[in-house]
Amino acid sequence: MAAISDLYDDALIGSSPAGVMAGKKDEDFQKALATGFAHNRKIGTQRMEVVDLRHEKIVSVRARGVISGGD
C-alpha cells in the first residue's frame, strides 16, 4: 500500500458513490486503501488499471477494475 499511497499528495480529495471527501495522507488513508482493495478483491476484481492520468493544478485519475467473468 505504501507504493500506492506515495502517489498521493499530503492533502487529497476523493469521490465515490458515497460522495466527495477531503482527507490527509495519513494512517487512516492507508487503512482506507487496504479496506478498498480488500473489498475489490472480494467482489472479484483481478486488477485495477489507470486509464487516464492528468496533472495540471489538480491531478485527475480515471481507473477501471477488471472483474473475473465467472466462466
Within the accessible area of the stretch 1-49 (1.4 Å probe), percent carbon and sulfur: 58 percent
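I want the antiparallel fraction of DSSP beta bridges within the chain, as a percent rounded to 5.
Details: 15 of 15 bridges.
Given both bridge residues lie in the chain, the antiparallel proportion sits at roughly 100 percent.
Would you work out the relative contact order for the chain, in percent, from Cα pairs under 8 angstrom that are 6 or more residues apart?
Values: 69 pairs, mean separation 14.8, N = 71.
Once divided by the residue count of the chain, the mean separation gives 21 percent.
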Added length on full extension, which subtracts the Cα-Cα distance from 0.36 nm per residue, residue 6 to residue 35: 8.7 nm
Calculated from backbone phi, Karplus (6.51, -1.76, 1.60) coupling profile of the stretch 24-37 in Hz, x at Gly/Pro: 10, 7, 9, 4, 4, 5, 4, 5, 5, 4, 4, 5, x, 5
Estimated 222 nm signal from helices in the chain, with DSSP H stretches of n ≥ 4 weighted -39500 (n - 2.57), rounded to 500: -8500 deg cm²/dmol
Probe 1.4 Å, accessible area per residue of the chain, Å²: 86 Å²
Check: the chain dipole with +1 on Lys, Arg Cβ and -1 on Asp, Glu Cβ, in debye: 200 debye
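The values are calculated or read from the model by the stated rules, or taken from the named source; none is laboratory data. Just so it is clear, the structure is predicted and the values come from calculations on it, not from any experiment. Every residue, glycine as well, gets a Cβ built from its backbone with ideal geometry; the counts of neighbours run over all protein chains shown. Each accessible area value is taken on the protein alone, full model and side chains, heavy atoms only, with ligands, DNA and RNA left out. Shrake-Rupley method; radii C 1.70, N 1.55, O 1.52, S 1.80 Å.
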